[in-house]
Amino acid sequence: MINNYFTNAVNIAKDICKRKLDNGDTAVDATMGNGNDTLFLSELVGYSGRVYAFDIQQTALKNTYEKISKNGSLEYVKLINDSHENMDMYINDKVKLVVFNLGYLPKGDHSITTTADTTLLGLKKALDLIEANGVVILVVYCGHEEGSREKNVLEDYIKNLSQITYNVVKLCFANQVNSPPMLIIIEKR
Ligand code: SAH
């Protein structure tokens, strides 16, 4: 039995990554931030796999580089200083999993945050790139103004995705205070 599985959005997102990713897969971290997810994904896909990580902030690349270079995975992890809305320009392989951890860097510049428009563009690119049985996971922080707009835009978009092509799930923590992050999971059938 698993104790206390439904603790928070990030832990559930990580568990989905573990279930979906095998050695040799390609995964995308659409919002590198401090590189925690990039590192986690790199451990799951291993040396025969590939991770593409995106961020518009140079600081994110610097912090992630330091984290990744310690475990020697730089050979198969690509750190890209560009917006995730351009991910198709860098990726030619079929992708098993894309994770968006939205919002702003917790200890960084809070004025630099993901935005509804570019997140939606990035999500559309991600959906084009994933293979059958692949997933796109979004951790959505709605407790700030842009985050709340982002949540509305994403919810409007996902409810119109064809159920023939996608399994679409929304998971929110209904009784928690202070607008905890929610999860959107889109699985290609
Ligand atoms: N809220 C998360 C961290 C999110 S970090 C937490 O609490 O852990 C989000 C990252 O997305 C930031 O580093 C930011 O620079 C990056 N970002 C913002 N817009 C982006 C875009 N269009 N493409 C790629 N990364 C982006």
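The values are calculated or read from the model by the stated rules, or taken from the named source; none is laboratory data. On a predicted model such as this, the values are computed, not experimentally measured, just so you know. Quick reminder, even Gly has a Cβ in these numbers, built from the backbone with ideal geometry, and neighbours come from all protein chains shown. These area figures cover heavy atoms from the full protein model, side chains too; ligands, DNA and RNA do not enter into them. Shrake-Rupley method; radii C 1.70, N 1.55, O 1.52, S 1.80 Å.
Can you tell me which residues in the range 128-145 are surrounded by fewer than 18 Cβ atoms within 10 Å (Cβ to Cβ), touching a residue at least 24 places away in the same chain (Cβ under 8 Å) and either of a type in the set (Gly, Ala, Ser) or more than 10 Å from the ligand (Cβ to nearest atom) (or both)?
The answer is Asp128, Glu131, Ala132, Asn133, Gly143.
Does Val28 satisfy the condition of being within 11 Å of the ligand (Cβ to nearest atom) and surrounded by fewer than 19 Cβ atoms within 10 Å (Cβ to Cβ)? First the steps, then the outcome.
Numbers: within 11 Å of the ligand (Cβ to nearest atom): yes; surrounded by fewer than 19 Cβ atoms within 10 Å (Cβ to Cβ): no.
Spelling it out, it is not the case that Val28 is within 11 Å of the ligand (Cβ to nearest atom) and surrounded by fewer than 19 Cβ atoms within 10 Å (Cβ to Cβ).
Do we have Thr165 as open to solvent by less than 60 Å² (accessible area, probe 1.4 Å) and within 11 Å of the ligand (Cβ to nearest atom) here?
For Thr165, the condition - open to solvent by less than 60 Å² (accessible area, probe 1.4 Å) and within 11 Å of the ligand (Cβ to nearest atom) - is not met.
Looking at the range 35-77 only, could you name the residues that are charged (D, E, K, R) and within 15 Å of the ligand (Cβ to nearest atom)?
Asp37, Asp55, Lys62, Glu66, Lys67
For Asp128, which of the numbered conditions (1) over 21 Å from Gly33 (Cβ atoms); (2) modelled with pLDDT under 95 fails to hold?
(2)
How many residues are open to solvent by 50 Å² or more (accessible area, probe 1.4 Å) and away from the ligand (no atom under 11 Å from the Cβ) if we restrict to the range 78-92?
Residues meeting the conditions: 5.
Against the definition (of a type in the set (A, V, I, L, M, F, W, C), open to solvent by less than 30 Å² (accessible area, probe 1.4 Å) and farther than 22 Å from Ile16 by Cβ), how does Ile158 come out, yes or no?
Taking the combined requirement at face value, the residue does not satisfy it.
Would you check if there is a residue in the range 38-50 being under 24 Å from Cys172 (Cα atoms), open to solvent by 10 Å² or more (accessible area, probe 1.4 Å) and touching a residue at least 24 places away in the same chain (Cβ under 8 Å)?
yes
Checking Ile16 against (1) more than 16 Å from the ligand (Cβ to nearest atom); (2) open to solvent by 40 Å² or more (accessible area, probe 1.4 Å), which test does it fail?
Condition not satisfied by Ile16: (2).
I'm told Leu102 meets every condition in (1) open to solvent by 10 Å² or more (accessible area, probe 1.4 Å); (2) modelled with pLDDT of 95 or more; (3) within 20 Å of Thr59 (Cα to Cα); (4) near the ligand (Cβ under 10 Å from one of its atoms) except one. Can you identify the failing condition by its number?
(1)
Can you name the condition, by its number, that Tyr65 falls short on among (1) surrounded by 18 or more Cβ atoms within 10 Å (Cβ to Cβ); (2) at pLDDT 95 or above; (3) touching a Leu at 6+ places or on another chain (Cβ under 7 Å)?
With respect to (1) surrounded by 18 or more Cβ atoms within 10 Å (Cβ to Cβ); (2) at pLDDT 95 or above; (3) touching a Leu at 6+ places or on another chain (Cβ under 7 Å), Tyr65 is out only on (1).
Among the residues of the range 170-183, is any surrounded by 15 or more Cβ atoms within 10 Å (Cβ to Cβ), modelled with pLDDT under 95 and not hydrophobic (A, V, I, L, M, F, W, C)? Break it down into steps so the answer makes sense when it comes.
Looking only at the range 170-183, we keep the residues that are surrounded by 15 or more Cβ atoms within 10 Å (Cβ to Cβ), and these are 170, 172-173, 179-183.
Still in the list and also modelled with pLDDT under 95: 179.
Cutting the leftovers down to not hydrophobic (A, V, I, L, M, F, W, C) gives us 179.
Yes: the range 170-183 contains one or more residues that are surrounded by 15 or more Cβ atoms within 10 Å (Cβ to Cβ), modelled with pLDDT under 95 and not hydrophobic (A, V, I, L, M, F, W, C).
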